[in-house]
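Below: the structure, in structure tokens.
The values are calculated or read from the model by the stated rules, or taken from the named source; none is laboratory data. All of these numbers come straight from a predicted model, not from anything done at the bench. Don't worry about glycine lacking a Cβ; one is built from the backbone with ideal geometry, like all the others, and counts go over all protein chains shown. Accessible surface is based on the protein model in full, side chains and every heavy atom, while ligands, DNA and RNA are left aside. Shrake-Rupley method; radii C 1.70, N 1.55, O 1.52, S 1.80 Å.
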Amino acid sequence: MPDIIQLLPDNIANQIAAGEVIQRPASAVKELMENAVDAGADEIKLIVNDAGKALIQVIDNGRGMSETDARMAFERHATSKISIIEDLFRIKTMGFRGEALASIAAVAQVELKTRRQEDETGVYIEIENSIVKKQEVVASPVGTSIAMKNLFFNVPARRNFLKSNAAELRHIVDEFTRVAMSFPDIFFSFTSNGQEVFHLEKGTLKHRIVQILGNNYNAKLVSVQENTDYMNIYGFVGKPETAKRTRGDQYFFVNNRFIKSAYLNHAVMNAFNEMIAKDSFPMYALFIDLDPAQLDINVHPTKQEIKFEDEKIVYAFVQSAVKHSLAQFSITPTLDFDLDISIQQTDAVSKPFTEEKRSSAAASSLYNTFTQKNQSHFIESKSELKHWKEFYEPGKKMADAKYSNSQQDIHPANDQRPMIGDAFQLHNTYIIIQNLRGYLLVHQQNAHERILYERFNKAVDGKPIATQRSLFPATMELAVADTVLLNELLPDLNHLGYLLEPFGNNTFVIQGTPADVDQGNERTAIEKMLEQYKHFSMDLKFSKREKLLRSLALQQSVKAGTSLGQKEIKNLLDELFDCDMPNITPNGKPTYLEFKKDELDKLFGR
Ligand code: ADP
Ligand code: MG
């Protein structure tokens, strides 16, 4: 018996390899465009006929190739982009496997024309079936033009496998879009059957997104931008109202390479949670930049799937960056009554930007008034509206118009005072007190929540709440996730009177708590606060601090069913009506109701 193993001829080996890299016209489009990008072009033109089945041509003004390189480029494993294995882990180019041109030359008729700046003449090469048919010196502009004709002409099985022109063209548009979107500073055009379909001038990323996805996104993009030592993320997400019923305008780029990642998609969807309908898909174009050593792009022949060294970090980062941006956007008050356009455009109304500004805006009653459900009716009469306008008179600085002062005379609560006589507690839940016009029925827990919320708000921004040192500091062990959370909250908690020290191994020592937390109950108080915080975590419109304040207020408020003494009742009422916004809880529930005497009289037929 003779030996039976033989080496495959190059053209067959290339054809087999081509099956992985070039599955359809769109794959060739991707490879050729990426090569043009790698060549440093700032003008890239794509021309296709018959959805790429007849012709795919990419013309660039990049650095071109020497005569020898032009021949070499079509050899398998011929690449200028890596030379040692370590290079794989610092890849900055789109290509590196040295397979694309070899594959293309194995399954199509290829015509290459290229010239470098330093060469007087260019070179023209024709290749078919991996064999060079023609090579000559030609006049050529600087850059490269590669045309591939009759894709799969020599692999009929593959050619028959191609879908309709419409379907293949859609794939090409997808690939074109992905490359064009990640390089807004490169001009791209796309001509199909003689018609220019895309003409994308250089510009900003936002400009490019709108050029590609349509003008309707123009005012509907929320910018995402977070930088850390480990990674950066930037890009845009569509405002929730632009979410669509079909998946589509969703793009992830890692080091400018489009990738598909169900995992990261999940992170974004999570960030949008509850802002969009369950079965809808938000638009996003997000760019993650990180050290190439932190990822493996070589897990898939078309490089659309990659592996992160630490997937979990990337997930958490993406999710929180998007959440953060959405929170910033949704905190911008939507005014539901007519205000001057000049007022709407003041910085304070249109963009509470920095973390600091944002939380102070979020804490302000003005913000609450605009954003909380059913709150606009608290500003009813024309005269009150006038005050708001005065407050926002253009030119008047935010700084010299302190919220509390300017509002003192306009919120309805001032009319509720003075209160007359003693107050009584009903069902250990309600407090009833007479005023000039009738009586007020106060819900003690709701009222206390409002008081604490405003007190905490003032404390985080100004004078901290006094801490009562524990004589016997308790320790507290938490789940890992809770430890992470608590660590984030520590600085604010400290201002609020909680003195907690991380003790390693998910353990904290409680050195002190605010004076009004019962000694001995510190641990439960903190655990409950964390529970409450996690509950609020679903709510994207709030900053971390806002969630903390709300959680603490809820958790520490005196509960319905608690019996109160005369002095406690009086304090509660005094403090309530000293609040900037005494009539509602931070979540918009009423704290008291007013019953007017004339209306009571009417009820009794008087
Ligand atoms: P890879 O991109 O992985 O290196 P390719 O087969 O796509 O492999 O390309 C092989 C080589 O040919 C590239 O490394 C590059 O040096 C050269 N090349 C390909 N396209 C161009 C182009 N448009 N302009 C300049 N050089 C190119
Ligand atoms: Mg390439």
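Given a Förster distance of 41 Å, report the FRET efficiency between Gln511 and Asn571 from their Cβ-Cβ distance, rounded to the nearest 0.05.
It comes out at approximately 0.90.
So, in nm, how far is label Gln434 from label Lys244 when the simple model puts each one 7 Å beyond its Cα toward the Cβ?
Going from the Gln434 label point to the Lys244 one covers 6.7 nm.
Which distance in nm do the two modelled labels at Tyr230 and Asn521 give, with both placed 7 Å along the Cα-to-Cβ direction?
That separation, rounded to one decimal, is 3.8 nm.
Which net charge results for the neighbourhood of Arg159, defined as the other residues with beta-carbon distances under 14 angstrom from its beta-carbon, given Lys and Arg at +1 and Asp and Glu at -1?
Counting the neighbours of Arg159, the net charge comes to +3.
In sequence order, what are the phi-derived ³J(HN,Hα) couplings for region 49-57 according to the Karplus relation 6.51 cos²θ - 1.76 cosθ + 1.60 with θ = phi - 60°, rounded to whole Hz, with x for glycine and proline?
Result, rounded to whole Hz: 10, 6, 6, x, 6, 8, 8, 10, 10.
Order the peptides 574-581, 189-196, 292-299, 99-106 from the highest to the lowest mean number of other Cβ atoms within 10 Å of their residues.
Sorting 574-581, 189-196, 292-299, 99-106 by mean packing, highest first, produces 99-106, 574-581, 292-299, 189-196.
Once you sort the root eigenvalues of the Cα gyration tensor of region 10-202 as a ≥ b ≥ c, which label holds: rounded (a/c under 1.5), prolate (a/b larger than b/c) or oblate (the other case)?
rounded
Accessible area, 1.4 Å probe, largest first: how do Phe536, Phe503, Phe424 sort?
The ordering from most to least exposed comes out as Phe503, Phe424, Phe536.
Tell me, in nm to one decimal, what length is gained between Lys206 and Gln6 on full extension, where the rule is 0.36 nm per residue of separation less the Cα-Cα distance?
66.5 nm
In whole angstrom, note down how far apart the Cα centers of region 75-112 and region 476-528 are.
56
Using 0.36 nm per residue of separation minus the Cα-Cα distance, give me the extension gain between Ala293 and Asp87 in nm, one decimal.
The Ala293-Asp87 span can extend by a further 73.2 nm.
Give me the net charge of Ala243's neighbourhood, meaning all other residues with Cβ under 13 Å from the Cβ of Ala243; Lys, Arg count +1, Asp, Glu -1.
Computed value for this residue: +2.
Given points 7 Å out from each Cα along the Cα-Cβ axis, report the Asn494 to Glu43 separation in nanometres with one decimal.
Here the modelled spin labels are 5.8 nm apart.
Lys and Arg at +1, Asp and Glu at -1: add these up for the other residues within a Cβ distance under 13 Å of Pro502 and post the number.
Around Pro502, the charge tally is -4.
List the pairs from Lys260/Lys323; Lys220/Lys278; Lys92/Lys163; Lys206/Lys458; Lys30/Lys323; Lys323/Lys528 whose alpha-carbon separation is above 28 Å, in the order I gave them.
As for pairs spanning more than 28 Å Cα to Cα, those are Lys92/Lys163; Lys206/Lys458; Lys30/Lys323.
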